Each structure stands twice: as C-alpha cells, then as structure tokens.
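Here is the structure we will look at.
Rule-based calculations on the coordinates, nothing more; no lab input. Since the structure is predicted, the reported quantities are computational estimates derived from the model, not experimental observations. When we count neighbours, we look across all protein chains shown, and the Cβ atoms used for this are built from the backbone with ideal geometry, even at glycine.
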Amino acid sequence: MTDGLDPEDPAAFRRAAHALLDACLDRLEGARDYPWQSVPEAVKAGYRLDGGGQGETTLAQRLAADVLPHGTGNTHPRFFGWVHGTGLASGLMSEMVAATMNANLGGRDHGAIYVERAVIDWSRGVFGFPETASGVLVTGTSQATVIALAAARVRALGQQVRKTGQGAARLTAYAGAGVHNATKKALELLGIGSDNLRAIPETDAGMDTGALHAAIAADRAAGAMPFAVIGTAGSVDLGRFDDLNALADIARDEGLWLHVDGAFGAWVRIAGAPWSGLVTGIDRADSLACDFHKWMYVPYDCGLVLIRDEAAHRAAFAARPSYLEGQDRGLAGGDPWYCDYGVDLSRGNRALKVWSALVAYGPERLGAAIADNCARAAQMGDLVAADPHMRLMAPVVSNLCVFTADTRLPADGQSALNTAIAQDLQLSGDAVFSTVTIDGITALRAAITNHRTRPEDVVQAITAVAHARDAG
Ligand SMILES: *Cc1c(COP(=O)(O)O)cnc(C)c1O
C-alpha cells in the first residue's frame, strides 16, 4: 500500500536512489574532467514535459543521464566567469537531508530554525556586528539589498512609509561608479528610483570621498533627502574595495545609513592577512549583504543580510495576520520568526548547506581557500604582465584579474579578439573567462571563486589565451 505519492516499491526506490547518489558522487569526483559544454539539441528537446508519470526508477536514470551532465560548468577548476561559486561536497549531503526534512523556515519552533540562527550568529561574529543585530538568509545579495535598503528607508521616513508610500520625499543614495546593478534594481523596486542613486567616481582605492561629500551637499541644497551610502566590498568588474572606515565616518557625520555590498568580497574577512584588511571597518556598517553561494562555495542559492538595528529591520518587514500568530508553546512558538525579517513567508532550508560547510571544513579551511584564490589571481596577473603583448586593465587587488590579450591591436580590434577568445575557450572547454568593458576595451575577466583552481590551471588557462591569440 502506498500513501499518496510515496514510492510504490520502496526497495526499488532505494536501489534507484543509491544508483543516483553514485552518479552524483562520480560527477563530483570527476569535476576536473567536466567543463561546461553546450546542451545538445536532442537533450533540450527531451526536457519537454508531455505526459510524465514514468516512475521514480526512470526518473533516477533520466536525472543521471539527461540532467546531471549539463550544468553551468562552474564545478570545473578552470571556470573563472562572472562570479560563480564552485559548490562543495558537503552540499551533496546537506541538500539530501534538506529535501528529506522539507522544513519551512518561515518561522515556528523546530530544528531547522535553530540551524539558521546558528548560521546567522556565526556570521554576525565574523563581521563584528553586535549580538543585537538581526539577519536572515535569502536567495542572494540582490534580495539582501532590497531588504537592507527597505530598512534604511524606514529609518529615514518612519514606519508609516509602508502604508502611505514615499509620497513627495526624494531619497538619494550614493555608491561608487562600479556599484553592482543589484543596488539600482533594489532602489527601483522600492520606488526610490535608480535616478536617485549617485555614481561617485572611484579609483583603485574605492570611492572618492571628496566627491561623495560634494554630492551629498548638492542634493541637500536641492531639497532631496540623502539617506544611504552603499559601500562596495569587492566590485564585480575589478574586485575593488571601498575604504569602509572612511565611509562609516561620513555616514555617521551625515546621518546616513551605511550599507555594504559585500556579495563575494566580504568573505576576505576570514582569509587572514593581508586580504582581511580589505574590509577593515565592515563592522561599522548598518547593513551588509553578501552571498554564501559565491566565495563561500556553498551550492546555489544562498545569500545573507545582516542589519545592525534589529528594530529597523523588523519595522520594515514584520506583519503577521492572526492565522500566523505566535504562541508561547508548541510548534507555533519560537522567536524570531524569519518571515518577520524579509519578503518571504515560506522559506526553504538554505541554512543547512552553510552550517554543513562550516561543520565539515570550518572557517579556517574556507578562509584558506579564499586566500588561495587571491594568490591565483595574483599569479594570473604576473603571467599576464610577463607576456609581451598582454596587459592588465587594472591592478589585481583581490580575486579578479582583468586583461587584454593583444595590445598591438587598436581598441576595437582588442575588444573583438578578447570576445572571440572568451567564446572559443568556453566552447573548447579549456577555460571560462567572461568579459567586461574597461576604458573602452572589452577585456577578458577572471573572477576566481573556485576552490579547485590550482596553479597549473592558471598557467594552462593563460597559455590557452596566448595560443588562441597567436592562432587568430
Ligand atoms: C553577484 C553580485 C551581486 C548580486 O548578488 P546575487 O547573489 O547574484 O543576487 C551584487 N553585488 C555584487 C558585488 C556581486 O558580485
């Protein structure tokens, strides 16, 4: 007898699930052999859902054969594109347990909630936020930014802004010109408007604070209400870091909320010297958005928002109708309920994969992997500098290396060549670089958030770039 949708033949299900687990383990152990490859047309067509109902044993076979091989390729050691985390073996275990438990982390009193609390408490300690700070795990830094800036707006305009909307108030925010699009999107979603985000010029040392002061003064004079400074810890284009202490001083003096976008870069905090020095002052932020799925290597998706002032955080999001009222005992007990700290009511168990990574590897090994990624980016920078025709587009300050392959060409020729090289190496499986336009040249860009990248991978990737250039 089968309950509803449970397996009709538990023994057969067990065999199929074990075989699938072995397929996953084979894939994981063979990660070095599986770069990204484009999905064959027949496989894409096979994903179409017509009919279904083929049973779990067929499902297991199809998952292993048709789905498992066609990932993004970010599990491969020479994947340096965009900022993609690699994933962790611990994730294979934690995702299996999370699916079996099927916990809803919106609130109430059960084990998964305490796991999330432990992850947030640990993170709070890492970033030097006070024990009274609040936090919640979210999809990623994009959502974390919405939550942080919503709290900042409640601080600026009062909680009634939730009911009345912003009205005629014109809030303005400030960020370095290299700020990630996620901040613009968040301001758009909140109805503040991305035109009210000022792009402050920046150098390799981050935002120009003189220009920041001037922009705040000009907005005040024009009747706007400056409310937030967004510092970047690890810019997506070049891996730059703002001087967070300088920004914290300005935010304090001007009465502004300091939000830090530390999507990947915040985690240099656990990488030891000299890298941890890049985020000195992060403990003074009012809010921090960062990802576990990038430079903590945890499987997608998982981000974090931390907010210094828990009252502001709750004031921006808490709202429970009577069917969700908390009780002093039983399953409806417990406090906090994470639905009071963000957009989502129903929430999956993101915390377990972070907790599992920390239990298995610990902050020291994770931090050492981050430091090693920075060393690999520096190594790549040295190889580029040693090549007679390549040139770095900016100094390597953390884990990003941005360069052009052939300075003998005019700017548009370099752009075309770099673009073609990126595509060719992706298709061949040699290496995945992405591209970014700096100073009018579309350059090759490597963001190393990959715990599998070895020194020989970096040599192999740069050698492949040189060969592609010389062959073209
Ligand atoms: C990736 C990234 C984001 C967006 O984060 P998601 O997790 O993709 O939503 C924001 N800021 C920076 C600097 C990033 O690198």
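In terms of the Cα gyration tensor, with a ≥ b ≥ c the square roots of its eigenvalues, is the stretch 104-348 rounded because a/c is under 1.5, prolate because a/b exceeds b/c, or oblate? Oblate. A cut-off under 10 angstrom between Cβ atoms defines the neighbours of Met390, and their net charge, with Lys, Arg +1 and Asp, Glu -1, is 0.
Highest average first, the peptides 102-112, 257-267 ordered by how many other beta carbon atoms sit within 10 Å of their residues are 257-267, 102-112.
Counting neighbouring Cβ atoms within 10 Å and putting the fewest first, the residues Ile147, Ile307 line up as Ile147, Ile307.
Amide H contacts under 5 Å for Gly176: Ile200, Thr232, restricted to partners 5 or more places along the chain or on a different chain, H placed in the peptide plane at 1.01 Å from N. Local charge for Lys353 was computed over the other residues whose Cβ lies under 15 Å away, with Lys and Arg +1 and Asp and Glu -1, and equals -1. For the chain, the Cβ-based charge dipole about the Cα centre amounts to some 580 debye (Lys, Arg positive; Asp, Glu negative; other atoms uncharged). Coupling constants for the stretch 299-307 follow from the phi torsions by the Karplus curve (6.51 cos²θ - 1.76 cosθ + 1.60, θ = phi - 60°), and in residue order they are x, 5, 10, 6, x, 9, 10, 10, 10 Hz; glycine and proline get x.
Put a plus charge on the Cβ of each Lys and Arg, a minus charge on the Cβ of each Asp and Glu, and nothing anywhere else: the dipole of the stretch 359-471 about its Cα centre is then about 180 debye. Computed per residue of the chain from DSSP H runs no shorter than four, each worth -39500 (n - 2.57), the mean residue ellipticity at 222 nm is -13500 deg cm²/dmol. The phi torsions of the stretch 293-298, fed into the Karplus equation with coefficients 6.51, -1.76 and 1.60 and a -60° offset, translate into couplings of 7, 9, 8, 9, 6, 6 Hz, rounded to whole numbers, with Gly and Pro shown as x.
Counted by neighbouring Cβ atoms within 10 Å, the residues Ile438, Ile462, Ile230 run from fewest to most as Ile438, Ile462, Ile230. Here the calculated FRET efficiency for Ser346 and Tyr47, from their Cβ-Cβ distance with R0 = 45 Å, stands at 0.95, rounded to the nearest 0.05. Taking trypsin sites (Lys or Arg not before Pro) across the stretch 310-412, the ones in a DSSP loop with at most 13 further Cβ atoms lying within 10 angstrom of their Cβ are Arg329, Arg408.
Amide H contacts for Thr139 (H built 1.01 Å from N in the peptide plane; partners 5 or more residues away or on another chain; cut-off under 5 Å): Gly303. Note on Asp382, Asp291, Asp335: ascending count of other Cβ atoms within 10 Å places them as Asp335, Asp382, Asp291, the fewest first.
Backbone phi angles across the stretch 65-72, fed through the Karplus curve with coefficients 6.51, -1.76 and 1.60 (θ = phi - 60°), yield HN-Hα couplings of 8, 9, 9, 3, x, 10, x, 6 Hz in residue order; Gly and Pro are listed as x. The overall shape of the chain is oblate: from the C-alpha gyration tensor, with semi-axes ordered a ≥ b ≥ c, the ratio a/c is 1.5 or greater and a/b is no larger than b/c. What does the charge count around Pro455 come to, taking other residues whose C-beta lies under 15 Å from its C-beta (Lys +1, Arg +1, Asp -1, Glu -1)? Charge balance near Pro455 sits at +1.
For Val260, the residues whose amide H sits under 5 Å from its own are Gly231, Ser287, Leu288, Ala289, ignoring neighbours fewer than 5 places away on the same chain, with H placed 1.01 Å from N.
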